[in-house]
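Heads up: the structure comes next, in C-alpha cells.
Values in this text are rule-based calculations from the coordinates and carry no lab data. Keep in mind it's a predicted model, so treat the numbers as computed, not measured. Backbone-built Cβ (ideal geometry, glycine too); neighbour counts: all protein chains shown.
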Amino acid sequence: MVESLIRQDREKRQERRQEKRKTTPHFEKRDRKRQIIAPFFADDYSGYLPPVFQTAGYEVAILPPPDRMSVETGLRYASNDICYPAVLVTGDIIKALKSGRYDPERIAVGITQTGGQCRASSYLSLIRKAMVAAGYGQIPVISVTSAQGLTHQPGFDINWLKLIKLLFVTTMYADCIAKMYYATAVREVQAGTSSRLRQTYIDAAHACILTRDYDRFFRCWMRRLRSLTGLKSMIRSRAK
C-alpha cells in the first residue's frame with residue numbers, strides 16, 4: 001500500500017516535470033514593427049524614452065501612471081507576496097491589455113531586466129505568467145537590457161554603445177530639469193506652473209533626441225534656463 005502511494009507520487013512528479021510550462025512567444029525579427037508598450041517609470045524620465053528608442057528603430061508607448069485599478073489588477077494576477085512595485089507594473093500591463101486600446105497582434109510588452117538576483121530580474125517571468133493567465137499569452141515580452149544571453153529575442157537588437165552618448169546627454173538634461181522642477185514646485189504661487197514648464201522642457205527635448213543634435217540640445221537647455229527669469233514673479237521667496 002505504502003509502496004503504491006510512493007510510486008504514484010513519483011509518477012505524478014515526473015509528469016509535472018515533463019509538462020511544458022506555458023509562456024509568451026519570443027520576439028522574432030518579424031516582430032520589429034510591433035509597438036512596444038512599457039510601464040510608467042517616473043514623471044521626470046518616462047517622457048524621454050519613446051524618442052530614444054525611436055532612434056534605435058522601435059516604437060515605444062509609455063503607459064499612464066498607475067492607479068487603484070492597477071493595484072487591484074496586479075493583486076489578481078500576481079502573488080500578494082511579491083513587492084508592491086511589481087504588483088503595480090503587472091497591474092498596469094494587464095489593465096492596458098484589457099482596455100481594448102491595443103491590438104494583441106501588433107504590440108509587444110517591454111520591461112527592464114538587470115540580470116541580478118533582486119526583483120528587477122524577476123519582473124519578466126512574473127509578467128509573462130500574468131499575461132498567460134489573463135489570456136494574452138500570444139504577445140511577446142521583451143527584456144530591455146544591455147546584458148547578453150538573458151533571453152532569446154532576435155527581433156530586439158540594440159547597439160547600446162552607439163546610444164551611450166545620447167543616453168548620457170538625455171539623462172543629464174532630464175536630471176537638470178528635475179532639479180529645477182523640485183526647487184520651484186514647492187514655492188510656486190499658481191499651482192501647476194512648474195509642472196507645465198517641466199512638460200514643456202521634456203517635449204522640447206524630443207526633436208533634439210531624434211536628430212541627435214547635441215549642440216541643439218544644449219541650446220534648448222540654455223533657452224529654458226533663461227526662461228526661468230519669467231517665472232520669478234510666480235515663485236514665492238524662500239522663507240527666512
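Please tell me which of these pairs span more than 31 angstrom C-alpha to C-alpha: Lys33/Lys98; Lys29/Lys179; Lys129/Lys165; Lys22/Lys98; Lys33/Lys129?
Lys29/Lys179; Lys129/Lys165
So what's the gap between the Cα centers of segment 101-165 and segment 27-59, to the nearest angstrom?
When both Cα centres are located, 11 Å separates them.
Want the number for His206 to Gln190: 0.36 nm per residue separation, take away the alpha-carbon distance, what's left?
Gain in length upon complete extension: 3.1 nm.
At 7 Å along Cα-to-Cβ for each site, give me the label-to-label distance between Asp81 and Ala147 in nm.
Distance between the two pseudo-spin positions: 2.2 nm.
Output the antiparallel fraction of DSSP beta bridges having both residues in segment 29-144, as a percent to the nearest 5.
Of those bridges, close to 0 percent are antiparallel.
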